[in-house]
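Written out below as structure tokens is the structure these notes cover.
The values are calculated or read from the model by the stated rules, or taken from the named source; none is laboratory data. Since we're looking at a predicted model, the values are computed, not measured. Cβ placement follows ideal geometry from the backbone for every residue including glycine, while neighbour counts extend to all protein chains displayed. Protein only, heavy atoms only, side chains kept; ligands, DNA and RNA dropped before computing areas. Shrake-Rupley method; radii C 1.70, N 1.55, O 1.52, S 1.80 Å.
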Amino acid sequence: MHLRSRGAVRAFVATLSLVAVLAKPPPPEPTLPGLAALLGERSGATVEAESIAWEPRRNVLAELGWGRRVLFLASPRSGGPRDVYRASVRLTPSGQPIAVSSVTNLTDTPDADELGLTLEGGVATFATAALGSIVAVTALEIEGARHEVTDVFLNVPAEEATLARDEGSLTLRLALHAEPIRYDFARGTLTSEPGVARAVRRVTPRKGLTLAFADEARRSLGETATSLVASLGRGGRDALRRALYALTHIGRKPEPRGAVPKARVADAKSARRLEDVWPPPRVPSMFARAEPDEGAFRPLATRGAEPCLYRTFLRADPLRPYARAVVVAMDMRQLELGLVAGADLPRPSAGPPGAGRLSGDRETLGRVVAVFSGGRAAANDRYGLRAGGRTLVPPRPNAVAVAELARGETLVGPWPFGTEAPEEVSSFRQGLGALLDARGEPRRGETRAFGDVRVRSGLCATPAGHLYYAFGERLDGHALARAFAQAGCAFAVELAGGAEPAGMALATVTAPESGRFTAIDPAMTFDGASVLDGASRDFFVVSLRDMKPRRPNGAVWQPDPGAQPEPAWITGIFRTSVPLGGLSVELYSFENGRVEWRLRPGVREPGAKGEAWAGFLPDGDADRALATLELGHTTVTPKLGLALGATEPITLKDAFATLVLAPTEPPRILAPGESTTLRADEQAVQLPLLADAGGVSERARDRGDLRTRAALGVTRSGRVLVALLRHDSSDPLAVALKDAGAERVVELDRGSHHPAFVHRAGTATPPTRTYESTTLWALGRPMLPGARVTSSP
């Protein structure tokens, strides 16, 4: 009886096993399409059979039990952008695939398309195309479960490229560049034309124990549960701290004022004196009795003739008088803001992740004054960001952003450029929340973290155009917003806090791998040295403004010996000479924002004859003259146009280039046929076009009389370049200005062929009161800070 019952059980188990086997789908065909179908089913994506690349073989038992690893391209939808996946495929001794496990999306970039996947000699390579261009080629050095990654980023637009592989290197050829780009795997060296590409080896980001624990908690528990647990813990600590403070300050608790006072911060454009804009004004305390030095800004760092960073502290929470916010004011006349993407954050959608490290030559690194953390400011880890010349995540329209323009301005506020990141934006960061409303008051709707006391940090822009950074160890969201409101900020955003690294460090960087970093406050959790080793989160870089032109290559620019715009210790006019085919071209550079350009028709100019204003500027304006440039006057042929606001002494014509001048904007050169409607405060003068994006024009190559000639060009950043040379053609002038970065070049000759000149204040040939010829005047104006708030859409 016992034997019969055991036999029945065995028969039942065997039957179940047979049913289970029959219920399983049959193994795929031992072909690439069959394997692609199996991988697609397991990954939930469409797999290209021709993209499958097997990694080196393992022994038969290992491949049967654990599988052989494989790389492949797959897309969540047919015909959509592809990602690079890695998986393990279990194989029979005959090579029949039987199961797939450990499927991992290695790239996960929905806004990019990976293509050209190959695997040779233990190194896999593929290219990444995003936003209409090939942005990088990636090399994965496969070794077991680990892989080392190197990204070769392209610094130039490339719609087409050819990738070739051998065991020791990869070679990339771009359509518009004769010299190939070659990366040697063993040596880790890159060979290419200067500035075309750069190789970045990915590193494991540097994390502290707290951050590592927080990241693991988010992966295991999710963002909501992790935030709730952390908030409960912080709430308990805050309640205990408040109770202890109350016990130890019985009868001595500071009394807050009825209304929170604000610092009076002048608007930079309406300030009458530089002193109205800088140094920052004292911030009054919200308490009846201020602590020593509370609200008084003291110099923190000096790199030039005057301090560029000031520091103070504020108490912004009436419930927690012990809570301090450290505030650092940045002089944005002297400074500019940069951004570096972290190795982990943001999670990129349009190409490889950031390096998390400072980069650049010794001169660039030597200008670094401080670094401060950006990091996770909200639950989203995929927020709009552009840094290092490429967009990692495209921008979201109207999202709050901090953006740096190529001409050195910093924008803080709603993103004004729609879904695009135009060329004028060198870097930007989104994923931020606004702390202040349009009146500069705390936005309670955006600072709901009442009582959620933790480490917090933020950034604001003042009406004067400076940036303030704030950090506090024990602040809730409203207290951080109130600190910015007290300081007189116009717009403020919250940066990293809580378990995220937060803080600012003064920096002295001598090389990409060496530097000294000093935290502004001991409570700060941001490790400044991580910016050299590989920071997990994005961070901002505060540097001295790079006023000196960097082109043409090899040119040695020096401050021009004439008078400089205010403040004179920040050079605004440079000068150099560049050799060109046995000639020596003299170049002047007028930095964007340092001068105001005016046009004054001469008495010989048709349309100006007999006018009381012809030939000179009003006395008040002429007293500000730093330079004048000769334009001559037009003649019957070609009779180049001229306009002063809505008045056109000589009608503008489609056949000529037009130089447009505005009081507070850099000059711009319109191409022939490109029309514009002038504002009342704008002026326009037509001149011969010598060069544009298509190269040097035939007009520039025309031979004529031997005389001093001049040409003017404007760079993308708004710098005005002027070239002079005694020659029989203007061709060398056009070439020199294009080499110096000018996008378009016009000849400073309206047809009369007057010998050109540049008169400079403070030299032996200063500007005169009157001129017979039409002239351009460069008028000095105080250098305004470079930060401003974008208006709400």
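Taking only DSSP H segments of four or more residues, each worth -39500 (n - 2.57), what value at 222 nm results for the chain once the sum is divided by all its residues, to the nearest 500 deg cm²/dmol? Mind showing how you got there, number by number?
Working: 11 runs with 115 residues, N = 793.
The helix contribution divided over the chain gives -4500 deg cm²/dmol.
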Practice item. Quick one: which residues, 5 or more positions from Ala343 or on another chain, have an amide H under 5 Å from its amide H? H modelled 1.01 Å from N in the peptide plane, none for Pro or chain starts. Key: Gly356, Ala535, Ser536, Arg537
Practice item. Assuming 1.567 mPa s and 4 °C, estimate D for the chain with Stokes-Einstein, Rh taken as the Kirkwood radius over Cα pairs, in µm²/s. Key: 43
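Taking Cα atoms of segment 532-633, Rg/Rh with Kirkwood Rh, to two decimals? Don't skip to the end; give the middle numbers.
Details: Rg = 19.9 Å, Rh = 17.4 Å.
Rg/Rh for segment 532-633 comes to 1.14.
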Review point. If pairing requires two Cys Cβ atoms under 4.7 Å apart, which cysteines of the chain are left without a partner?
Key: Cys308
Practice item. Might you report the magnitude of the Cβ-based charge dipole of the chain about its Cα centre, with Lys and Arg at +1 and Asp and Glu at -1, to the nearest 20 debye? Key: 2660
Point to revise | Charge sum, other residues only, whose C-beta stays under 14 Å from Glu473's C-beta, Lys/Arg counted +1 and Asp/Glu -1 | key: +3
Point to revise | Cα gyration tensor, segment 587-707 - rounded (a/c under 1.5), prolate or oblate | key: rounded
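Accessible area of the chain with a 1.4 Å probe: how many percent of it is carbon plus sulfur? Don't jump to the answer; show the numbers that get you there.
Details: 19110 of 35670 Å².
After summing per-atom areas, the C and S share lands at 54 percent.
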Check your understanding: If you average the sequence gap of Cα pairs under 8 Å that are 6 or more apart and divide by the length of segment 691-793, what percent do you get for the contact order?
Key -> 25
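Please state the shape class of segment 349-388: rounded when a/c is under 1.5, otherwise prolate if a/b exceeds b/c and oblate if not, all from the C-alpha gyration tensor. Mind showing how you got there, number by number?
Details: a/c = 3.61, a/b = 1.72, b/c = 2.10.
It is oblate, given that a/c is not under 1.5 and a/b is not larger than b/c.
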Practice item. State, as an integer percentage, the relative contact order of the chain based on alpha-carbon contacts under 8 Å between residues 6 or more apart. Key: 10
Review point. Check Arg668: other-chain or 5+ apart residues with amide H under 5 Å from its amide H, H built from backbone geometry?
Key: Val660
Point to revise | Under 5 Å, built H, 5+ apart or other chain: amide partners of Ile650 | key: Leu642
**Study point:** Base-10 log of normalised Debye intensity for segment 41-99 (one unit scatterer per alpha-carbon) at q = 0.23, 0.27, 0.28 Å⁻¹
**Key:** -0.89, -1.07, -1.12
**Study point:** Accessible surface, the chain, averaged per residue in Å² (probe 1.4 Å)
**Key:** 45
Study note, to complete from the structure: In whole angstrom, the spacing between the Cα centers of segment 633-692 and segment 320-359 equals 42
**Study point:** Equivalent-ellipsoid semi-axes of segment 290-360, from the Cα gyration tensor, Å, largest first
**Key:** 33, 21, 8
**Study point:** P(r), alpha carbons of segment 480-601 - 10 Å bins starting at zero, rounded %
**Key:** 10, 24, 23, 25, 14, 4, 0
Point to revise | Orientation-averaged projected area, Cα convex hull of segment 184-305 (nm²) | key: 17.9
Review point. Rg/Rh for segment 472-544: what does it come to with C-alpha atoms and Rh from Kirkwood?
Key: 1.01
Exercise for review: State whether segment 729-793 is rounded, prolate or oblate according to the following rule on the C-alpha gyration tensor (a ≥ b ≥ c being the square roots of its eigenvalues): a/c under 1.5 gives rounded; otherwise a/b larger than b/c gives prolate, and the remaining case gives oblate.
Suggested key: oblate
Practice item. Please tell me the relative contact order of segment 23-105 in percent, rounded to the nearest whole number, where contacts are Cα pairs under 8 Å and at least six residues apart. Key: 28
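Ignoring ligands, DNA and RNA, how do Glu216, Glu160 rank by accessible area with a 1.4 Å probe, largest first? Write down the numbers at each step before the final one.
Details: Glu216 90, Glu160 130 Å².
The ranking, largest first, comes out as Glu160, Glu216.
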Exercise for review: Report Rg (one decimal) and Dmax (nearest whole number) for segment 280-407, counting Cα atoms only, units Å.
Suggested key: 18.4, 54
Point to revise | Phi-based couplings in Hz for segment 674-688 (Karplus 6.51, -1.76, 1.60; Gly and Pro marked x) | key: 8, 9, 8, 9, 6, 6, 4, 9, 9, 10, 9, 9, 8, 9, x
